[in-house]
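The next block holds one structure in the form of structure tokens; read it before the comments.
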Amino acid sequence: MGGWAIAVHGGAGVDPNLPPQRQEQAKELLTRVLNLGISSLRSNASAIDVVELVVRELETDPLFNSGRGSALTEKGTVEMEASIMDGTKRRCGAVSGLTTVKNPVSLARLVMDKSPHSYLAFSGAEDFARQQGVELVDNEYFITPENVGMLKLAKEANTILFDYRIPTSAYDTCSAAIESPLVMNGLPINVYAPETVGCVVVDGEGRCAAATSTGGLMNKMTGRIGDSPMIGAGTYACEVCGVSCTGEGEAIIRGTLAREVAAVMEYKGLGLQDAVDFVIKNRLDEGFAGLIAVSNKGEVAYGFNCNGMFRGCASEDGFMEVGIWE
């Protein structure tokens with residue numbers, strides 16, 4: 001075992017013209033949650049506890065698209081989803097269609113620990129949340145003025161915005177009349193920036209875990225489920241590694257992206273970074289995505305095929321990095 005390692009992400013696909021102030025805000029948040037995870041690992045917390053802790057913190061901050069600050073459906077509401085996986089015995093929990101649960105990742109953890117199932121959705125997940133006594137809030141808690149504005153922009157463009165965060169002051173320069181060369185599921189992407197959050201950890205005992213949480217696509221159809229709660233697609237952990245993905249959900253689902261990293265490590269004998277690079281290059285077809293990963297040897301890696309990914313990573317040997325671009 002090579003000691004503990006941790007990585008976090010705040011979404012792949014970043015607007016090239018994202019203002020410097022917004023970039024710094026993102027880096028500060030990533031640094032804060034990374035240090036939170038590092039502190040817990042130094043206190044001998046388990047990998048599964050650390051990924052839940054870090055993702056809860058990201059869900060509570062409205063900067064990224066998870067928990068408070070989630071993208072809005074076509075009806076102007078929030079429907080969130082999350083998953084968590086403990087690699088030691090490949091235990092997992094996932095939830096979708098949440099509208100009142102303050103921290104979706106913690107409900108996913110309860111599905112794993114306190115239910116006979118792996119995945120609960122919509123009214124069943126909400127009922128389970130009430131039974132478990134988790135903190136509930138009104139749907140309005142998750143809605144931010146910025147996202148209300150972005151939903152209006154999405155409806156004007158008559159499209160789904162895969163990536164959507166542009167400061168309010170930039171609305172007039174991101175008119176729906178402007179055609180974008182970027183596409184998502186065959187539709188134009190008129191605004192391009194980050195989404196989903198995630199965390200992967202290997203602890204001092206070599207145990208790997210992963211967790212992912214998101215509000216999904218701006219202006220999505222109600223009931224749409226993306227890759228984030230899907231074990232093997234957006235999230236995966238086993239004895240070898242832990243992986244969390246971000247990007248075009250439908251492409252990640254088709255490529256079973258997170259599981260593929262583990263598979264090529266297990267079956268092709270690739271190291272962690274080589275496995276990440278192989279999967280990003282060969283399993284996305286024409287999709288755009290990124291991922292973070294850790295191995296049971298204490299390695300940490302990331303990869304993406306778009307123009308940026310909000311990420312941070314650190315390891316017990318003193319390495320630490322927070323970045324956005326290549």
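Heavy-atom surface analysis with a 1.4 Å probe gives region 57-155 a carbon and sulfur content of 50 percent of its accessible area. Summing charges over all other residues whose Cβ lies under 15 Å from the Cβ of D274, with Lys and Arg as +1 and Asp and Glu as -1, gives 0. Taking other residues whose beta carbon is less than 12 angstrom from the beta carbon of I225, and scoring Lys, Arg as +1 and Asp, Glu as -1, yields -2.
Among beta bridges identified by DSSP and lying wholly in the chain, the antiparallel ones come to about 90 percent. Legend: distances between Cα atoms for K27/K220; K75/K155; K89/K281; K75/K152; K89/K114; pairs beyond 21 Å are K27/K220; K89/K281. A straight chain from K268 to E326 at 0.36 nm per residue would run longer than the Cα-Cα distance by 18.2 nm. Its Cα centre serving as origin, region 1-69 has a Cβ charge dipole (Lys and Arg +1, Asp and Glu -1) of approximately 100 debye. In the chain, helical runs assigned H by DSSP with n ≥ 4 each contribute -39500 (n - 2.57); averaged across all residues and rounded to the nearest 500, the mean residue ellipticity at 222 nm is -9500 deg cm²/dmol.
When only DSSP loop residues count, what trypsin sites (Lys or Arg not before Pro) in region 247-326 have their Cβ near at most 16 other Cβ atoms within 10 Å?
Details: sites: R254, R259, K268, K281, R283, K297, R311; in loops: K268, R283, K297.
Those satisfying the criteria are K268, K297.
Summing charges over all other residues whose Cβ lies under 15 Å from the Cβ of C208, with Lys and Arg as +1 and Asp and Glu as -1, gives -3.
Per residue, how large is the accessible surface of the chain? Use a 1.4 angstrom probe and give square angstrom. Write out the running numbers ahead of the final one.
Working: 12540 Å² over 326 residues.
Per residue, the chain has 38 Å² of solvent-accessible surface.
With contacts taken as Cα pairs under 8 Å and at least 6 residues apart, region 66-135 reaches a relative contact order of 27 percent.
Each label point was placed 7 Å from the Cα along the Cα-to-Cβ direction; for M221 and R91 their separation is 3.6 nm. When you filter the trypsin sites (Lys or Arg not before Pro) in region 46-98 for DSSP loop state and at most 15 other Cβ atoms inside 10 Å of their Cβ, you are left with K75, K89, R90. To the nearest 10 degrees, how steep is helix 272-282 against the longest Cα principal axis of the chain, on a 0 to 90 scale? Here the helix axis deviates by roughly 40 degrees. Region 18-84 and region 207-225 have Cα centres spaced 13 Å apart.
Place a +1 charge on the Cβ of each Lys and Arg in the chain and a -1 charge on the Cβ of each Asp and Glu, then give the dipole magnitude about the Cα centre in debye, rounded to the nearest 20.
440
Taking GluC sites (Glu not before Pro) across region 104-151, the ones in a DSSP loop with at most 14 further Cβ atoms lying within 10 angstrom of their Cβ are E135.
The values are calculated or read from the model by the stated rules, or taken from the named source; none is laboratory data. Here the structure is a predicted model, which means the values were calculated and not measured. FYI the Cβ positions are ideal-geometry reconstructions off the backbone, even for glycines, and counts take in every protein chain you see. Accessible surface areas use protein heavy atoms only, side chains included; no ligands, DNA or RNA. Shrake-Rupley method; radii C 1.70, N 1.55, O 1.52, S 1.80 Å.
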